[in-house]
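Below is one structure; the comments refer to it alone.
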Amino acid sequence: MSKVLVTGGSGFIGSALVKVLVHAGSRVRVLDDNSRGSPRRLKNVAKDIEFIAGDIRDAAAVAAAAQGMDEVHHLAFVNGTEFFYSQPELVLDVGVRGMVNVIDACRKQKVGTLILASSSEVYQTPPHIPTAEDAPLVVPDVQNPRYSYGAGKLISEVMAINFGRKYFERVLIFRPHNVYGPDMGFEHVVPQFALRLHALGKSQPAGRLRFDIQGTGKETRSFCFVDDLVAGVMVMRDKGEHLGIYHIGTAEEVTIAELARRIAACAQREIELVLGKLQAGGTIRRCPDISKLAKLGYKPRVPLEQGLRSTLDWYWSNAQLAPKP
């Protein structure tokens, strides 16, 4: 029975991973300060885990949480595009200081395995689509606060790989691509579209709705349902090679305009898209090459239509949880 610490374990992806690890028979400890996470995400396994309230920037708290562990899955980070622009110093403080503390804690407590959650944001504008793991990682403009997130993840990867060579038996890195699902937070495109459509529909019960989007609508993403993401992590954990980096996502590339229309269709409404300015640094296209992990047995199973339905149902039933403007 493996003993696993999950940092950021009450977050969206972290909590989904915690549940799967518990069901797989691991003894799981969670370190989180719930500043971005929520205890409600862990309520179904609350009796099966050990929860430690602590800040990833607190070196002593991280070291204590890592004591006696076989593995550390490091997911604690500040996600959400609006935070990249509004609080880049916080994004970097949590990301870089947190990574330093995790590596130091693992070395101090002799933890053999480190699994790091990175991001597709490390590429910013990928040089080719679909994008393989060997594409160059870049920070195009240090003046743009958006890149605080991608830079923090890039630094984390470099640290994990280089310390991993000497101090760990096994280091694995996964790069999620646009993961979505129920209770994923409120700072991402799917919940933002869902709640805005919900509000527009209440104010205008009939007729076509004018719906604002950033950019031309031709920008693309490949959306991965959270269950598929966690399944990919488990495949990587089981079969991935030391110092290996793996994309987890889907190969279906969807335009933002199509995403908006699919969400509207779920609400049985028609929309008229109102195009707007794309924020500086926004990526035009994103779609991962997932063949590396597929060779180990990974296969996404939840189609976008199915995943959207459960996600939208959750947001439309829990709209009152959204932060007030």
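The values are calculated or read from the model by the stated rules, or taken from the named source; none is laboratory data. Keep in mind that this is a model prediction, so the values were computed, not measured. Methodologically, a virtual Cβ is constructed for each residue, glycine included, from the backbone with ideal geometry; neighbour enumeration extends over all protein chains shown.
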* To do: Can you work out which of the residues in the range 186-206 that are among the polar types (S, T, N, Q) and part of a helix (DSSP H, G or I) is nearest to Val78 (Cα to Cα)?
  => Gln192
* **Meets criteria (buried (at least 19 other Cβ atoms within 10 Å of the Cβ), touching a His at 6+ places or on another chain (Cβ under 7 Å) and among the basic types (Lys, Arg)) for Arg237** => no
* Structure fact -> His198 fails exactly one of (1) at positive phi; (2) at pLDDT below 95, namely (1)
* Count - residues of the range 293-325 that are aliphatic (A, V, I, L, M) and closer than 17 Å to Arg40 by Cα -> 3
* **Residues that are in contact with a Lys or Arg (Cβ under 6 Å, 6 or more places away or on another chain) and surrounded by fewer than 18 Cβ atoms within 10 Å (Cβ to Cβ), drawn from the range 69-82** => Asp70
* Please find, within the range 130-176, the residue that is farthest from Ala76 (Cα to Cα) out of those that are touching a Phe, Trp or Tyr at 6+ places or on another chain (Cβ under 9 Å) and either charged (D, E, K, R) or outside the structural domain of Gly240 (by TED's automatic domain parsing) (or both). => Asp141
* **Residue within the range 151-166 that is surrounded by fewer than 16 Cβ atoms within 10 Å (Cβ to Cβ), under 23 Å from Glu252 (Cα atoms) and more than 19 Å from the chain's Cα centre (by Cα) present** => no
* Structure fact -> Those residues of the range 21-35 which are free of Cβ contacts under 8 Å to residues at least 24 places away in the same chain and in a loop (DSSP other than H, G, I, E, B) amount to Asp33, Ser35
* Structure fact -> Residues of the range 127-150 being surrounded by 21 or more Cβ atoms within 10 Å (Cβ to Cβ) and over 17 Å from Phe83 (Cβ atoms), in sequence order, are Thr131
* Asked: Got a number for residues in the range 83-126 being in contact with a strand residue (DSSP E or B) (Cβ under 8 Å, 6 or more places away or on another chain) and buried (at least 19 other Cβ atoms within 10 Å of the Cβ)?
  -> 17
* Please verify whether the range 171-188 includes one or more residues that are charged (D, E, K, R) and more than 17 Å from the chain's Cα centre (by Cα). => no
* **Residue satisfying all of: in the range 283-301; under 17 Å from the mean Cα position of the chain (by Cα) and at pLDDT 95 or above; nearest to Asp228 (Cα to Cα) among these** => Pro300
